[in-house]
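Structure, as structure tokens:
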Amino acid sequence: MQSDPLLTQDELDFLQKILFKPPQKRRSTAAPQLALGDRLSELLARLGNEEQLSLDTHSDNQHLSFPLHLIQDDHSQSRLELGAPLIFEQGVNERPWRLVLPTALTLLDSSDQPSGLKALELSNNGILVEYSKAGMPAKDQLLQLILPQERRVQLRAQLARRVSQTCYAYSLQTLHEEDEQTLRQYLFEQHNEQQPQTVAAN
């Protein structure tokens with residue numbers, strides 16, 4: 001007797017549809033959902049909530065890793081929700097994909113005041129900024145990144161190196177889970193606009 005595949009063709013088609021639909025057509029408040037067959041539900045239930053599951057895609061020297069969350073509804077039906085992915089560039093070493101921002105983004109300090117920093121490039125773990133004030137910017141600071149559509153990301157930035165007379169590279173960490181998701185979603189939206197090609201799931 002042939003065993004059931006983990007994902008049916010319908011499920012694969014659904015994944016393809018939600019992963020590469022233009023972001024403006026998706027509701028940002030709702031995570032993409034995937035209905036599960038009995039075999040896959042049983043397998044995921046055995047793994048338990050402690051396992052970190054992901055769906056990984058590779059194409060054009062890029063690697064996208066989508067977190068998968070197993071959700072059970074009130075009727076004990078299981079489904080998978082895909083979170084916004086981590087995006088990597090592949091080469092000799094894999095590194096986070098860097099977005100050259102179409103417009104510099106404002107960074108506020110922890111008191112909602114202008115920090116003198118503007119973001120020029122952004123990844124999930126780093127940021128290139130321009131500093132408009134005299135002297136050197138602080139090496140370690142709490143900042144708020146102001147994204148389009150009134151979205152804010154609270155982060156901790158630590159100076160990595162000086163790039164030019166007014167530009168500095170910082171490593172960054174988001175302060176809260178919702179900040180991490182907001183940042184990932186923004187990067188994914190921008191990636192989709194710049195990289196419309198289809199990628200193949202492994």
Could you list, in sequence order, the residues of segment 146-188 that are more than 19 Å from Pro114 (Cα to Cα), without any contact (Cβ under 8 Å) to a residue 60 or more places away in the chain and of a type in the set (D, E, K, R)? Arg161, Arg162, Glu177, Glu178, Asp179, Glu180
Among (1) closer than 18 Å to Thr182 by Cβ; (2) in a strand (DSSP E or B), His58 falls short only on (1)
Counting only residues that are in the same structural domain as Asp60 (by TED's automatic domain parsing), give me the strands (runs of 3 or more DSSP E) lying completely in segment 107-202 with at least 3 of them. none
Scanning segment 118-128 for residues that are free of Cβ contacts under 8 Å to residues at least 60 places away in the same chain and out of contact with any Ser or Thr (no Cβ under 9 Å at 6 or more places or on another chain), the one nearest to Pro85 (Cα to Cα) turns out to be Glu121
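The values are calculated or read from the model by the stated rules, or taken from the named source; none is laboratory data. Owing to the predicted nature of the structure, the values given are computational and were not obtained by experimental measurement. Cβ sites come from the backbone with ideal geometry, for glycine too, and all protein chains shown count toward neighbours.
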